[in-house]
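Worksheet: the structure to be examined is printed underneath.
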Amino acid sequence: MDFLYAGSWDEALAAKAERPPAVPISGGTDLMVELNFDRRRPEALLDLNGVAELREWEQTDGVVRIGAAVPFTRIIGEIASLVPGLAIASRTVGSPQIRNRGTLGGQLGTASPAGDALPPLVSVDALVEVASVRGARTVAVGEFFTGPKRNVLEPDELIRAVRVPVADGPQQFAKVGTRNAMVISVCGFALSLHPSTGRVGTCIGSAGPTVLRALEAEQLLEAELADGGLWESRAALPQPLMLRFGELASQAAKPIDDVRGTANYRRHAVAVMARRTLGWAWQDYQGGRG
Amino acid sequence: MRITFEVNGTTQSADDVWPGESLLYVLRERLGLPGTKNACEQGECGSCSIYLDGTLVCACLVAAPQAHGREVRTVESFAGADGLDPVQQAFIDCGAVQCGFCTPGLILATDDLLARNPQPADAEIREALAGNLCRCTGYEKILDAVRLASARRVAGGDEPS
Amino acid sequence: MTAKSTAARGSTPTLPTHRPGADRGTTPAAGRIGDSVLRPDGVPKVTGDFAYSSDLWMDDMLWGATLRSPHPRARIRSVNIGPALALAGVTAVLTHEDVPGAKTYGLEIADQPVLAIDQVRYAGEAVAIVAADHPETARRAVALIEVDYEVLEPISDMRAAMTEASPLVHEEPTQDEYPGGGNILRKLRIQRGDVTAIADVTVTGEYEVGMQDQAFLGPESGLAVPTEDGGVDLFIATQWLHVDQRQVASALGLPPEKVRLSLAGVGGAFGAREDVSMQIHACLLALHTGRPVKMVYSREESFYGHVHRHPALMRFEHGATYDGKLVFIKADIVLDGGAYASSSPAVVSNAASFAVGPYECDNVQLDGYVLYTNNPPCGAMRGFGAVQVCFGHESQMDKLAIALGIDPVELRIRNAMREGSLMPTGQVIEGAAPVEQILRLVRDAPLPPDADLNDVDVRLMPGGVANTTHGEGVKRGIGYAVGFKNVGFSEGFDDYSTARVRLQLVGGEVSATVHTAAAEVGQGLVTVMAQIARSELGVDQVINHPADTTVGSAGSTSASRQTYCTGGAVKLACEAVREKVLAMAARKLGVPVDGAALDRGDVVDAEGRPLAALAAVLGDDVIEETREFHHRPTVPLTRVAGANGAIGQGDAHLQFAFAAHRVVADVDVDLGLVRLVEVTTAQDVGKALNPLSVVGQIQGGTTQGIGLALMEEIQLRDGLIRNPSFTDYLIPTILDTPPMQVHVLELGDPLAPYGLRGVGEPPTISSTPAVVSALRAASGRPLTRVPVQPEHITGT
């Protein structure tokens, strides 16, 4: 196994182009487990810790551009007001030690449906910036994953940053785990309300081969909010609407039985979380947020 | 490969490091610093907590070559010539140590918490230490120790490092 | 400064810098029994200097690694070690053919191959071992060993394994001690009275317990060092040095004196270190290569490397009168022993013995079975058979309370054992049996305030920081349970411990040295032994000699027995030393012996007035005495029905220890998530030799029971472990563990040293059913299986 250092983004891209099988490592919170447990022996590791620009975030034109290696602790501590859904989800990642090292780039690269930060990114239509020596491109997070542990990255590409729209309304995230801290998601749900556009964003975590948008639930809620004049009135949401929203969210899940929970429970829990997060987000909206 | 980094204020090198080796392994097996513990090697227990450039991390999840040129601080640095660190003393005084395997990691995590938040509420202590598993104590005496260390540091005017 | 990596350890063989037990107290350690003395090993444990078994290191040492079977049941057609041996850096690859002595080992029944012979019986069974210059080299070599398996259908279902049609896990009988047959390793019946007696109300229930892991944090590990006499020194984390020594020596074909064991630092045990893991393997590799060999299991390997708590299927039938007096109890308890015997025969005996709970009932029929299957072997874990049945009998008591319309605590009190009550085995409960008292204590303790839903902190909600509820769906439940268990080894086992105590002047100060082979695993025995020596010999300075096999056996650090047995041995040895000191005082200084004692460095008279300085009495003399403490004999349970049809009878147990729990839980009944609000415990410890440690044991033990109730299970499918990691085998974090009120009673057992009663296990026994009882109260669900999964609460 070789170990490749990159001192800059250009060096990193050059190294990746030269050695496409090299696996990028930043926080190491996923990859090192695979190395320690003898599950994976890549021919080379490409260390991104030396690439300073990956650890920076900036806000421009209503978008927060979060470097791929900004750790979760900084997302929680520095930009929670800009990307509240992502911040709530980030707080549920692993432990403090993991949050000090784990990154969005890592969760995107690992492409596990249980990546806690992924549902809020999909929910708000975040974009992933990827690049290679051949050039840069952006991919919608919702289109980034092609299956469990699979994504659209070409062998010579690296993840540069994630562009997350600054919140224009309430955002929520909930995650079920069988322990009250430091737990892999049994299933999760992210919700974002976008009063300025009338949009509703959703995404289900850990209940399918990839994170999944609950499209029909979004469409139902968007239609009902618009038709009922609820964005303007900020009136209480009808109970049947909330129940139906939960049901549709649940139907969008494609869960399996596994060691962390059953498919049936996941479907049930997604419905409950969808309903509850909607209740909290709407309460925020009624309270004047957005 | 050869890696060189600063450990507890001293520059150290290790030769013949396999690139997939964890920083935990290098500290424990190559540099003679076994105080950082190896309980799970998957970031799920906190026993190998160290400071890497001042940030609390699990040493098992840092590839050793990633530490090249950086600063590492381990539990071995906490007690000085004038005795134990207040956090260490509080763990002893409160009966927060049984088998002790989780203790070095908890010393680090507590130090990190008190540096950020000198007088944490119980819920804050629990969230901050949720990454450090203890199988012996049931955590009650660990909470006692953090409260005591906090009180002593505040009373002693000990500036968070 | 640049240090060469290998130089940091020094060039000469390095033995542990802080061998456990060897550490003099640098914290205020002076203190006698009854004081909350701080640990003598506290300082090295907080500084990182304490040498655990995985910390040991020698200059020229090799790393051992183990090839394990991926199949739960298979024949081995061939093993080809050639490719592994050819790998650069590999020094040895050994199979069963390289085991010079006995090819099988076991605590009681030697049925487990040191390395698999022609077949494997569980997934994870050791097939071959490797020594190499680096752990990664060893892992690569393990991967290069070619094993040709003929994979067979595993026998993994308990019910199927009991049928006559089932193939056998062991084709030849492994023992002739216990009645069994087929895949049944041991079956026993405990019966008294007439279970056809007529009851007003009958409740039946079936209960299931999943496989719990001890999940100690310090992985199995040790260092074996070959010696010039052809023997081996083994530095090891274990619960019982001498039982390891016996098994290692037998496999190596060496006399025990050539296999010397020293206790390395132990990172928790909880039963999982009572059996041999890497001990024999490391010694085989060391003797074969002539070099020190270190083995350290990874967390994943640890799940394969030690025995677990037995999964249980249980059926109970309770009959009672309308006013709540138990009329009869019938129980069928089936335990999955897995592939090898370990301590299964004793575990099932315990399960049957304690299946009724701490209640009086004249008519009982309790059947226990422990099976061989192709699942991972099960053996000792804190609570040892009493844990499983306590979940059953306490669930039944709740169910009966509902059926009778009687308060569940009141129902328990009406049937509570007391001093003089009879066990189902006919044994009379001697000494305090404060079942009613501990139940009242937990019931009458003030309750925590209701959840504050106006100021929600998600950390204090079910689901925690994962933000699943701000109060929605949350219901509060309160549950109670009480349990008990035997202290010490039972059924006729000669359970003893040995202590050697030396008194001499060191640097002008009188110093006592206590030497035992007892394993300090974190529980605090090193503290207590020094307290006993201080109390008995009136000295301040006590040194704990490192535990090793140069002194007689101390027995196992299990069964809540070490303070009783090794504490008892230290007390005896101190008394013998004291007798000699007093005789010496009489001889040298003419001090009258009658009524004299030792206190504060003096020989004192009956009123405590100094007669002579101990230092003056001793001079240059050294007094050393070694004593064994054998607890009073117990007897095996009868296996033939007596005149009245009673069977499974006899005074099989030494002492009983009781604990009760109240649990207050907030349950999100829509998502099935739980936050424990508070746990209250009451336990009689006879005499708290170290109150701080006693409370620590109770809180820690309670938490392991919480884990079994809520999250801890080794999940198996067709004999394969699905979650061998701390990612998916979850133990409680500090956010899952509630504040714990502890009520410690000291009622004194006149038959025990200092009146003490074993402490370690009872809190683990009743906390599980108390948690589940609270969840039932909140959710209204029957919850007949632990751990309770969210879907059990939601019914989805």
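It is to be established whether one or more residues within region C:571-591 are more than 21 Å from the chain's Cα centre (by Cα), assigned to a strand (DSSP E or B) and not aromatic (Phe, Trp, Tyr).
No, that holds for no residue.
Could you name every one of the strands (runs of 3 or more DSSP E) located completely within region A:137-191 that has at least 1 residues being within 14 Å of chain C (Cβ to nearest Cβ) and touching a helix residue (DSSP H, G or I) at 6+ places or on another chain (Cβ under 6 Å)?
In region A:137-191, the matching strands (runs of 3 or more DSSP E) lie at A:171-176.
Could you identify the single residue in C:612, C:652, C:646 that is touching a strand residue (DSSP E or B) at 6+ places or on another chain (Cβ under 6 Å) and closer than 30 Å to residue C:364 by Cβ?
C:646
Quick one: in region C:679-697, of everything that is of a type outside the set (A, V, I, L, M, F, W, C) and away from chain B (no Cβ under 14 Å), which residue is farthest from residue C:413 (Cα to Cα)?
The selected residue is C:687.
Per-residue answers, yes or no, for (1) outside any strand (DSSP E or B); (2) under 32 Å from the mean Cα position of the chain (by Cα):
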position	(1), (2)
C:124	yes, yes
C:130	no, yes
C:142	yes, yes
C:148	no, no
C:156	yes, yes
C:164	yes, no
C:177	yes, yes
C:203	no, no
C:217	yes, yes
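Consider residue C:383 carefully, then state whether it is surrounded by fewer than 21 Cβ atoms within 10 Å (Cβ to Cβ) and either in contact with a strand residue (DSSP E or B) (Cβ under 9 Å, 6 or more places away or on another chain) or free of Cβ contacts under 8 Å to residues at least 60 places away in the same chain (or both).
No, not satisfied.
Could you count how many residues in region C:61-86 are more than 14 Å from every other protein chain (Cβ to nearest Cβ) and outside any strand (DSSP E or B)?
Qualifying residue count for the region: 10.
Looking at the structure I just gave you, is residue B:88 facing chain C (nearest Cβ under 9 Å), assigned to a helix (DSSP H, G or I), farther than 21 Å from residue A:2 by Cβ and in contact with a helix residue (DSSP H, G or I) (Cβ under 9 Å, 6 or more places away or on another chain)?
Yes; evaluated as a whole, the condition is true for this residue.
Checking residue C:136 against (1) in contact with a Lys or Arg (Cβ under 7 Å, 6 or more places away or on another chain); (2) charged (D, E, K, R); (3) buried (at least 16 other Cβ atoms within 10 Å of the Cβ); (4) more than 28 Å from residue C:254 (Cα to Cα), only one condition comes out false. Which one?
Single failed check for residue C:136: (1).
Can you give me the number of residues within region C:447-483 that are at the interface with another protein chain (Cβ under 10 Å from one of its Cβ atoms) and either part of a helix (DSSP H, G or I) or touching a residue at least 60 places away in the same chain (Cβ under 8 Å) (or both)?
13
Can you pull out the residues in region B:133-161 that are within 9 Å of another protein chain (Cβ to nearest Cβ) and either at pLDDT below 95 or in contact with a Ser or Thr (Cβ under 7 Å, 6 or more places away or on another chain) (or both)?
B:133, B:138, B:139
Which residue pairs have Cβ atoms closer than 7 Å, lie 6 or more positions apart in sequence or on different chains, and pair a first residue in region C:74-101 that is of a type outside the set (Lys, Arg) with a second residue that is loosely packed, with under 15 Cβ neighbours inside 10 Å and in a loop (DSSP other than H, G, I, E, B)?
These pairs meet every condition: C:76/C:118; C:100/C:253; C:101/C:253.
Within region C:600-643, track down each residue that is assigned to a strand (DSSP E or B) and touching a helix residue (DSSP H, G or I) at 6+ places or on another chain (Cβ under 9 Å).
C:602, C:603, C:611, C:612, C:623, C:624, C:625, C:626, C:627, C:628, C:629, C:630
Given the condition β-branched (Val, Ile, Thr), outside any loop (DSSP other than H, G, I, E, B), at pLDDT 95 or above and out of contact with any strand residue (DSSP E or B) (no Cβ under 9 Å at 6 or more places or on another chain), answer yes or no: does some residue in region B:97-112 qualify?
Yes: region B:97-112 contains one or more residues that are β-branched (Val, Ile, Thr), outside any loop (DSSP other than H, G, I, E, B), at pLDDT 95 or above and out of contact with any strand residue (DSSP E or B) (no Cβ under 9 Å at 6 or more places or on another chain).
Of the residues A:246, A:287, which is out of contact with any Pro (no Cβ under 8 Å at 6 or more places or on another chain) and touching a residue at least 24 places away in the same chain (Cβ under 8 Å)?
Sole residue among the options that is out of contact with any Pro (no Cβ under 8 Å at 6 or more places or on another chain) and touching a residue at least 24 places away in the same chain (Cβ under 8 Å): A:246.
Could you list, ordered by first residue, the pairs with Cβ atoms under 7 Å in which the first is in region C:326-351 and assigned to a helix (DSSP H, G or I) and the second is aromatic (Phe, Trp, Tyr) and at pLDDT below 95, at least 6 apart or interchain?
As it stands, the answer is C:345/C:178, since those pairs meet every condition given.
When only residues in region A:257-267 that are over 20 Å from residue C:724 (Cβ atoms) and surrounded by fewer than 24 Cβ atoms within 10 Å (Cβ to Cβ) count, which is farthest from the other protein chains (Cβ to nearest Cβ)?
Applying the filter and picking the extreme gives A:263.
Listed residues C:727, C:733, C:737; which is free of Cβ contacts under 8 Å to residues at least 12 places away in the same chain, in contact with an Asp or Glu (Cβ under 8 Å, 6 or more places away or on another chain) and of a type in the set (S, T, N, Q)?
It is C:727.
Looking at B:63, B:67, which one is in contact with a helix residue (DSSP H, G or I) (Cβ under 9 Å, 6 or more places away or on another chain), under 29 Å from residue A:44 (Cβ atoms), of a type in the set (Gly, Ala, Ser) and more than 7 Å from every other protein chain (Cβ to nearest Cβ)?
B:67
Limited to region C:648-678, what total is found for residues that are closer than 12 Å to residue C:463 by Cα, assigned to a loop (DSSP other than H, G, I, E, B) and either away from chain A (no Cβ under 14 Å) or basic (Lys, Arg) (or both)?
Adding up the residues that qualify gives 0.
Does region C:698-717 contain at least one residue that is more than 8 Å from every other protein chain (Cβ to nearest Cβ), farther than 18 Å from residue C:216 by Cα and acidic (Asp, Glu)?
Within region C:698-717, not a single residue is more than 8 Å from every other protein chain (Cβ to nearest Cβ), farther than 18 Å from residue C:216 by Cα and acidic (Asp, Glu).
Say we look at region A:228-252 and pick out the residues that are within 15 Å of residue A:213 (Cα to Cα) and within 13 Å of chain C (Cβ to nearest Cβ); which of these is surrounded by the fewest Cβ atoms within 10 Å (Cβ to Cβ)?
A:246
Out of A:54, A:13, A:48, which single residue is touching a Ser or Thr at 6+ places or on another chain (Cβ under 8 Å), crowded, with 17+ Cβ neighbours inside 10 Å, over 19 Å from residue B:61 (Cβ atoms) and of a type in the set (A, V, I, L, M, F, W, C)?
A:13
How about region A:246-290: which of its residues are among the small types (Gly, Ala, Ser) and farther than 30 Å from residue C:714 by Cβ?
If the condition is that a residue be among the small types (Gly, Ala, Ser) and farther than 30 Å from residue C:714 by Cβ, then A:246, A:249, A:250, A:252, A:271, A:274, A:279, A:281, A:287, A:288, A:290 are the ones that fit.
Residues of region C:238-274 being buried (at least 24 other Cβ atoms within 10 Å of the Cβ) and of a type in the set (Lys, Arg), which ones?
Of everything in region C:238-274, just one residue is buried (at least 24 other Cβ atoms within 10 Å of the Cβ) and of a type in the set (Lys, Arg), namely C:273.
Taking the residues in region C:175-195 that are more than 19 Å from residue C:352 (Cα to Cα) and free of Cβ contacts under 8 Å to residues at least 40 places away in the same chain as candidates, determine which candidate is surrounded by the fewest Cβ atoms within 10 Å (Cβ to Cβ).
Ranking the qualifying residues of region C:175-195, first place goes to C:176.
The values are calculated or read from the model by the stated rules, or taken from the named source; none is laboratory data. Computed from a predicted structure; not experimentally measured. Please note: Cβ atoms are built from the backbone with ideal geometry, for glycine as well, and neighbour counts cover all protein chains shown.
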